[in-house]
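**Q** Mind looking over this structure? Questions follow.
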Amino acid sequence: MSGHVTIADVANYLGISKTTVSHALSGKRQVSAELRSKVESAVEVLGYRPNFAARMMNTRSSGLVGILVDNLNNLHTMALLEAFRRELSRHSLRMVLASSDRLDDGRALLMEFSNGMVDGILNTLPVLEEREAQELAGGIPLVTYLRHREAPLEIDLAAGIRSAIAHLAELGHRRIAIISIPDHSYDLGATNPCLAAYCMEMEKLGQQLRIFHQEGNTIESGVRLAEEVFASDATAVLAGNDSIAAGLIQWANDHGIHVPGKLSIIGHDDSSVATMISPQLTTLHLPISLLAAHTVQVLMHELNPENPMPSSLKIVPELVIRKSTSSEAAKIQ
């Protein structure tokens with residue numbers, strides 16, 4: 001069909017009402033699978049493209065959720081975004097992504113989201129507090145990841161660190177290091193729970209602290225730090241995340257250094273890279289799908305108070321033991 005195809009053209013082609021076509025396409029009302037299939041086929045044949053502005057005027061909804069992230073080179077972030085996408089699609093919502101690693105740019109992006117282009121906002125920017133984000137969002141429902149006050153989602157990072165150190169201690173390790181990376185999944189201004197737990201456990205073991213600081217959180221960040229870590233007297237290290245751990249292993253493999261023979265390495269997140277590298281990575285598992293489902297459920301309540309608000313949730317990372325830890329290096333300390 002030549003020219004601009006309208007929803008009326010689709011309705012006339014099938015001999016049904018415009019309202020029925022709209023219901024089939026939006027998913028807002030229940031229609032039979034057979035009818036939905038016929039509508040979708042007609043849309044493809046005719047080349048119909050929904051008018052976004054008209055849809056917003058008719059439904060007072062864009063069907064979009066804005067998501068703010070600080071970067072797109074972090075495996076945890078990418079896995080979380082995919083989990084958000086799956087959860088939002090269950091509610092016939094799609095996501096619009098904005099990324100900025102600068103606070104001022106993040107504020108500006110959030111204000112653009114607040115102009116009505118999205119129905120709701122998920123803020124994952126680690127440096128943008130929930131209260132300020134709510135103010136910038138105006139009247140648009142907003143949920144700040146891990147920091148929502150009414151239904152808090154707590155990850156017991158300290159418990160995860162304690163389990164990782166206990167595993168290393170059982171293997172005979174005492175000279176255990178940690179790579180500290182910026183992490184504001186806890187409240188801004190609060191003590192880093194991973195670092196605090198590490199310091200406490202090292203004191204129990206009667207060991208000095210071996211802390212490496214890394215501003216980045218990528219595989220490249222791990223590669224850059226690797227020489228310093230392997231040159232230290234540490235026999236084991238807790239990497240800030242799986243990406244940094246993978247960078248350490250990549251550097252070791254490139255330099256003919258055996259892991260875990262020279263150094264046992266533990267990651268954090270249990271991301272896809274954990275089983276792609278050699279040796280496969282011992283790491284702390286985070287249930288990303290559960291984190292995303294809880295966050296989206298909070299947003300659905302904010303969008304419509306008739307939707308139930310989820311209960312508070314506390315998650316303890318589970319240690320998954322693979323091949324990057326052993327007692328080999330501990331025997332020569």
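**Q** Could you tell me how many of the residues in region 291-333 are assigned to a helix (DSSP H, G or I), out of contact with any strand residue (DSSP E or B) (no Cβ under 7 Å at 6 or more places or on another chain) and either within 29 Å of Leu142 (Cα to Cα) or modelled with pLDDT of 95 or more (or both)? Quick ask: steps written out before the conclusion?
**A** Filtering region 291-333 down to residues assigned to a helix (DSSP H, G or I) leaves 291-303, 329-332.
In the following step, the residues that additionally are out of contact with any strand residue (DSSP E or B) (no Cβ under 7 Å at 6 or more places or on another chain) were identified as 292-293, 296-297, 300-301, 330-332.
From the residues that got through so far, the ones that are either within 29 Å of Leu142 (Cα to Cα) or modelled with pLDDT of 95 or more (or both) too are 292-293, 296-297, 300-301.
Residues that pass the stated criteria total 6.
**Q** Sticking with this structure for a sec: Return the residues of region 236-249 that are among the polar types (S, T, N, Q) and under 17 Å from Ser163 (Cα atoms); say none if nothing qualifies.
**A** Keep residues of region 236-249 that are among the polar types (S, T, N, Q), which gives 241, 243.
The one that is among the polar types (S, T, N, Q) and under 17 Å from Ser163 (Cα atoms): Asn241.
**Q** Now a separate question. Would you mention how many residues in region 280-290 are farther than 15 Å from Ala79 by Cβ and assigned to a strand (DSSP E or B)?
**A** 1
**Q** Further, regarding this structure: Can you find a residue in region 281-299 that is more than 25 Å from Pro152 (Cβ to Cβ), over 24 Å from the mean Cα position of the chain (by Cα), crowded, with 24+ Cβ neighbours inside 10 Å and not aromatic (Phe, Trp, Tyr)?
**A** Among the residues of region 281-299, not one is more than 25 Å from Pro152 (Cβ to Cβ), over 24 Å from the mean Cα position of the chain (by Cα), crowded, with 24+ Cβ neighbours inside 10 Å and not aromatic (Phe, Trp, Tyr), which makes the answer no.
**Q** With respect to Ser312, is the statement that it is among the hydroxyl-bearing types (Ser, Thr, Tyr) and touching a Leu at 6+ places or on another chain (Cβ under 6 Å) true? If you could, list the steps in order and put the result at the bottom.
**A** Working: among the hydroxyl-bearing types (Ser, Thr, Tyr): yes; touching a Leu at 6+ places or on another chain (Cβ under 6 Å): no.
No: the conditions fail for Ser312.
**Q** While we're looking at this one, here's another question. Filter region 99-115 for residues that are over 14 Å from the mean Cα position of the chain (by Cα) and either outside any loop (DSSP other than H, G, I, E, B) or in contact (Cβ under 8 Å) with a residue 60 or more places away in the chain (or both) and give the result.
**A** Narrowing region 99-115 to residues over 14 Å from the mean Cα position of the chain (by Cα): 100-115.
Leu103, Asp104, Asp105, Gly106, Arg107, Ala108, Leu109, Leu110, Met111, Glu112, Phe113 - these are the residues of region 99-115 that are over 14 Å from the mean Cα position of the chain (by Cα) and either outside any loop (DSSP other than H, G, I, E, B) or in contact (Cβ under 8 Å) with a residue 60 or more places away in the chain (or both).
**Q** Still on this structure, please answer the following. Would you mind finding the one in Gly256, Gly267, Gly240 that is outside any helix (DSSP H, G or I), modelled with pLDDT under 95 and either among the polar types (S, T, N, Q) or in the same structural domain as Ala197 (by TED's automatic domain parsing) (or both)? Step through it out loud before you land on a result.
**A** Working: Gly256 fails: modelled with pLDDT under 95; Gly267 fails: modelled with pLDDT under 95.
The match here is Gly240.
**Q** What about Thr325, is it in contact (Cβ under 8 Å) with a residue 40 or more places away in the chain, touching a helix residue (DSSP H, G or I) at 6+ places or on another chain (Cβ under 9 Å) and over 27 Å from Leu68 (Cα atoms)?
**A** Working: in contact (Cβ under 8 Å) with a residue 40 or more places away in the chain: yes; touching a helix residue (DSSP H, G or I) at 6+ places or on another chain (Cβ under 9 Å): yes; over 27 Å from Leu68 (Cα atoms): yes.
It is true that Thr325 is in contact (Cβ under 8 Å) with a residue 40 or more places away in the chain, touching a helix residue (DSSP H, G or I) at 6+ places or on another chain (Cβ under 9 Å) and over 27 Å from Leu68 (Cα atoms).
The values are calculated or read from the model by the stated rules, or taken from the named source; none is laboratory data. Quick caveat: nothing in here was measured; it's all calculated off a predicted structure. Note that we place each Cβ from the backbone using ideal geometry, even for glycine, and neighbour counts take in every protein chain shown.
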